[in-house]
Amino acid sequence: MPLSTFVLGELARSGPLYGLELKRRFETAGIVSWGPVAATSIYRALAGLERKGLARRLPGRLAANRKPYAITEAGRREFEERLRGELATPRTYRNPLNIAVEYAHLLEPRLLGGLMARRLRALRDLEAGISERLGGVFPDRVPEPGEVLATCERILWKTRAEIRFASRMLALARASPDLGATGGPG
């Protein structure tokens with residue numbers, strides 16, 4: 001997930017912010033899949049979002065030389081679309097899910113429930129396919145695993161962890177008062 005998605009998420013969640021505040025929030029967000037981010041990267045992301053009409057610089061200043069930026073309606077739509085993609089589609093090679101989860105509460109519960117149900121189905125299909133390739137044997141019982149088998153095992157364990165996660169997110173979305181007891185699509 002690009003840094004610009006993080007910036008859109010913070011602007012959507014908190015309202016107008018300036019670049020150094022966005023940098024501080026990124027550093028305290030605990031996004032383990034990314035390293036430190038430079039202030040210039042934040043400002044480049046803001047400039048790109050502004051060029052695309054997804055964010056706009058507000059007149060005036062928040063404090064000494066702090067230029068505030070706000071998300072536009074087009075930015076909100078783009079941000080929601082990015083979240084939909086990240087939450088619905090599992091990936092085993094690079095998983096920006098931890099960033100998407102940070103902002104999942106900004107989506108309507110019914111939409112979140114549908115996305116998590118779709119993710120869960122895809123993960124269960126992936127788990128079944130990997131288990132089949134492993135011959136139905138649990139990874140901790142495989143005698144003499146080779147390099148390919150070891151890779152499949154790691155993906156299988158990660159998939160099972162994501163299944164637990166997606167199941168919990170789906171339960172939370174369905175528990176929302178907006179959905180009632182039945183929840184969204186299952």
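Only the coordinates and a few stated rules stand behind these numbers; no lab work does. From a predicted model like this one, the values you see are computed outputs, not experimental measurements. All Cβ positions, glycine included, derive from the backbone under ideal geometry; neighbour counts span all protein chains shown.
Give me the net charge of Ala74's neighbourhood, meaning all other residues with Cβ under 13 Å from the Cβ of Ala74; Lys, Arg count +1, Asp, Glu -1.
The answer is +1.
Hey, can you grab everything whose amide H is under 5 Å from the amide H of Ala55? Only 5+ residues off in sequence or another chain; H modelled, so Pro and N-termini drop out.
Glu50, Thr72
I want the local charge near Phe6. Using Cβ-Cβ distances under 9 Å, sum +1 for each Lys or Arg and -1 for each Asp or Glu among the other residues.
Net local charge, Phe6 excluded: -1.
Among the lysines, which have Cα under 27 Å from the Cα of Lys67 when same-chain residues fewer than 8 positions away are ignored?
Excluding near neighbours in sequence, the set is Lys23, Lys52.
Suppose we keep just the alpha-carbon trace of segment 3-84; what are its Rg and Dmax in angstrom?
Answer for segment 3-84, Rg first and Dmax second: 12.0, 37 Å.
Residues with amide H under 5 Å of Tyr69's amide H, sequence separation 5 or more or different chain, H placed in the peptide plane at 1.01 Å from N; which?
Leu17, Tyr18, Leu58
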